[in-house]
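Data first, discussion second: the structure below is written as structure tokens.
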Amino acid sequence: MRRSQREGGGALAPKRRPAADKPGRKPAGPQRARTLPEEPQAPNAYIENAPAGGPGEAPDAPAQGSLENAPKTGPEHSPADPPEPAAKSAPTFSGDAPENGFEDAAGNAPEEEPEDSPDDFFEDGPDYGPEEYDPPPRFGRRVLRVLGLILGWFAMVALFVLLLVAVVSFLLYRSVTLSDLPQAEPAFAGQTLQETDFDWKLPVVGPLRRRFTMADRYEAAAAAAASAASAGESEEENAYAESLPALAPPEEPQQLEPVDSIAPSLRLPEQMESRLEITRAGSGEPVFLGSGEDFSRFVFSEEGVYDAVLTLSQGEEGEPDPSEPQGHYTYHFRFALAPRPQITLSSDPVMEGSVLRIGITGLTGEVSPIVTGELGSASFVRLGSGWAAYLALPQTFTAGEFTMEILYGDTRETVSVHAAYRQTQELDTFTADGSAAIPYFGAPPENVRALFEIADPEIYWAERGFVQPVQGRPVRNYAVIEYTDRIVDKELMALDPEGVKAYNDTIPGRRSVNVTFATRPGAEIVAPADGRVVFAGLAGGSRCVVIEHGCGLKSLFYLLGRIDVSEGDYVSQGALLGTAQGHTVCEVRLGDSPINPWEVWGNYGGLAPVQ
């Protein structure tokens with residue numbers, strides 16, 4: 001029975017078309033007649049009797065008193081309403097029954113069809129048999145729907161996050177400007193260099209970087225000038241703005257002021273790598289190629305005009321830091337080298353027994369200058385980027401002003417220096433207490449004197465200086481005048497002052513040219529500075545070692561108990577030379593002049609290391 005009949009409706013529901021009438025559907029076979037259990041009738045539905053007779057015969061009239069002839073009652077039907085025709089159920093047809101029949105071949109009335117499923121109202125839908133139709137469970141559909149909603153929500157959130165990240169990245173990208181470029185500001189010979197080109201990638205966020213080149217700077221300057229001009233600036237600013245759009249990276253290098261030093265200074269930022277290339281202007285002949293650190297030790301050998309290209313880079317070598325800028329600056333400049341020699345003195349005045357260092361900087365060429373004068377003569381040797389010469393003032397030198405003449409190339413320059421006396425000290429020794437028996441070395445032995453002409457051109461002590469070579473108690477110091485067995489008792493001197501004085505004047509004194517130490521036997525004697533052993537053997541009746549430190553400066557050691565080096569050995573500061581045996585005499589000479597060892601070991605005066 002159809003839904004309309006069960007609900008008590010008067011009109012018949014649309015008749016279901018047989019499966020064979022529907023396009024695309026196969027008719028059911030005779031063995032698959034669809035028979036479904038009959039549904040209970042609604043209370044208000046008319047009772048329908050199956051028609052009698054065969055095909056083509058009219059059905060019997062309903063019996064008297066049947067419910068079909070009973071008037072309908074209820075709020076929906078008034079007594080005045082005419083009775084509605086009874087709704088008849090559509091008969092079920094077997095495979096062999098004619099399409100327009102109401103009974104099967106056996107004369108049985110067709111059974112009522114069950115309620116049509118929703119799929120029967122779709123003409124083009126698939127035809128499911130009773131055994132084939134198995135709709136999906138409602139729970140699975142709900143789960144799929146919920147999953148679809150969740151996935152859609154996640155997709156919307158992901159899209160929103162991506163959009164937010166894109167907007168934030170764009171704003172951060174635009175916030176990085178030319179003003180964020182790394183600061184370098186290099187200087188050559190005290191003159192600030194201007195970059196002629198650059199290419200930088202500045203970090204924005206994560207791996208995102210913004211790139212800037214020299215063209216961006218000119219475009220920004222031109223845009224700013226054009227904006228200022230349109231805003232009605234002064235005529236001078238307008239003229240400047242009109243010229244900016246035509247600006248381009250300069251074709252000519254930056255021209256510097258003349259450089260007067262053969263070792264110009266180069267100021268570089270610490271966080272960047274540097275590369276400097278210098279060539280002769282015009283010919284392109286290479287002169288220097290290296291880093292900024294290498295250039296600090298470079299000295300120009302000739303005057304002339306030079307072109308230089310300096311590159312400062314960061315993050316272009318090795319593994320770059322994502323949070324650091326990556327790129328480089330390029331500086332192209334030209335300079336004329338016109339050095340002016342400068343002469344310096346280590347001190348003025350100079351104490352007798354000390355050393356005077358004469359330095360010359362800003363001198364091109366490899367020809368050694370020469371100094372001559374009342375203090376003696378000496379040749380200059382290379383010291384850093386300049387030249388140096390060393391002159392000793394003997395103990396007997398007269399105080400006063402002295403002149404020196406320095407010759408380099410075709411130029412002669414005269415300088416003056418003042419000499420000063422050293423305060424005289426006296427030392428009394430006595431035969432009775434044995435102090436007069438302390439060994440004394442004045443004039444050097446003959447086999448040692450012949451070594452004073454040796455002068456290595458290299459300054460071995462230039463970097464590390466000197467140290468005291470032996471530990472002990474000084475019993476005779478440098479430059480003291482020693483007297484043996486003079487009368488020094490005050491009571492005797494008070495009895496006959498003139499007689500005591502006349503007696504003391506008859507005792508000659510001797511000047512010390514070295515330092516004598518009282519040392520324990522076996523004490524180590526070490527090299528005070530780097531140098532070359534030029535003598536190791538017997539001299540003056542004792543074991544002796546002589547070391548050449550360069551420029552004719554020598555250390556001499558007498559009275560050694562054992563010698564641990566050989567002639568020709570190169571020793572470094574602190575190397576073991578031998579051992580002592582009670583007393584050790586230490587002497588330092590420049591050329592053949594003895595000088596104060598304490599000044600040498602203390603690294604002050606003319607022999608101090610040059611930074």
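With Cβ to Cβ distances under 10 Å as the rule, what net charge do the other residues near ASN514 carry (K, R +1; D, E -1)? Can you show the working numbers first?
Values: positive: ARG476, ARG589; negative: GLU587.
Taking every other residue near ASN514 into account, the sum is +1.
State whether region 249-294 is rounded, prolate or oblate according to the following rule on the C-alpha gyration tensor (a ≥ b ≥ c being the square roots of its eigenvalues): a/c under 1.5 gives rounded; otherwise a/b larger than b/c gives prolate, and the remaining case gives oblate. Rounded shape, in that the Cα axes give a/c under 1.5.
At R0 = 51 Å, how high is the FRET efficiency between TYR604 and THR192 if r is their beta carbon distance? Nearest 0.05 is fine. Write down the numbers at each step before the final one.
On the way: r = 37 Å, r/R0 = 0.73.
The value I calculate is 0.85.
Quick check: Cα centre of region 565-611 to Cα centre of region 486-512, how many Å? Cα centroid to Cα centroid, the span is 37 Å. For region 516-531, the Karplus equation 6.51 cos²θ - 1.76 cosθ + 1.60, evaluated at θ = phi - 60°, returns couplings of 9, 10, 8, 10, 6, x, x, 5, 6, 10, 10, 6, x, 7, 4, x Hz by residue, with Gly and Pro reported as x. With each label modelled as a point 7 angstrom along the Cα→C-beta vector, the GLU219-ARG267 pair spans 3.3 nm.
Once backbone amide H atoms are built at 1.01 Å from N, LEU383 has ALA388 as its partners under 5 Å, excluding neighbours fewer than 5 places away on the same chain. Enumerate the amide H contacts of SER265 below 5 Å, restricted to partners 5 or more residues apart or on another chain; note that Pro and chain-start residues carry no placed amide H. Here ALA189, GLY190 satisfy the definition. Other residues lying with their Cβ under 14 Å from the Cβ of PHE452 contribute a combined charge of -3, Lys and Arg counting +1, Asp and Glu -1.
Ligands, DNA and RNA are left out, and with a 1.4 angstrom probe the accessible area of region 476-529 is 54 Å² per residue.
So for each of 276-283, 476-483 I average, over its residues, the number of other beta carbons within 10 Å; can you give me the resulting order with the highest mean first?
Ranked from most to least packed, the peptides come out as 476-483, 276-283.
Tally Lys and Arg at +1 and Asp and Glu at -1 over the other residues with C-beta under 14 Å from the C-beta of THR414: what net charge comes out?
Values: positive: ARG412; negative: GLU374, GLU401, GLU405, GLU413.
With Lys, Arg at +1 and Asp, Glu at -1, the net is -3.
May I ask you to derive the FRET efficiency for GLU252 and LEU345 from their Cβ-Cβ distance with R0 = 60 Å, giving the value to the nearest 0.05? With R0 = 60 Å, the Cβ-Cβ based efficiency is 0.90. THR506 to ALA420: FRET efficiency via 1/(1 + (r/R0)^6), r the Cβ-Cβ distance, R0 35 Å, to the nearest 0.05? Working from the Cβ atoms, E equals 0.65.
How much of the accessible area of region 139-207, probe 1.4 Å, is carbon plus sulfur, in whole percent? Before the final figure, lay out the partial values.
Details: 3560 of 4990 Å².
Roughly 71 percent of what the probe reaches on region 139-207 is carbon or sulfur.
Taking θ as phi - 60° and the Karplus parameters 6.51, -1.76 and 1.60, the scalar couplings of region 261-268 work out to 10, 7, 10, x, 7, 9, 9, 10 Hz in sequence order, x denoting glycine and proline.
Solvent-accessible area of HIS328, all protein chains in place: 40 Å² (probe radius 1.4 Å, heavy atoms, ligands and nucleic acids excluded).
The values are calculated or read from the model by the stated rules, or taken from the named source; none is laboratory data. As the structure is a computational prediction, the values presented were derived from the model and not from experiment. Reconstructed Cβ throughout: ideal geometry from the backbone, glycine too, with neighbour counts over all protein chains shown. Heavy atoms of the whole protein, side chains included, go into the accessibility calculation; ligands, DNA and RNA do not. Shrake-Rupley method; radii C 1.70, N 1.55, O 1.52, S 1.80 Å.
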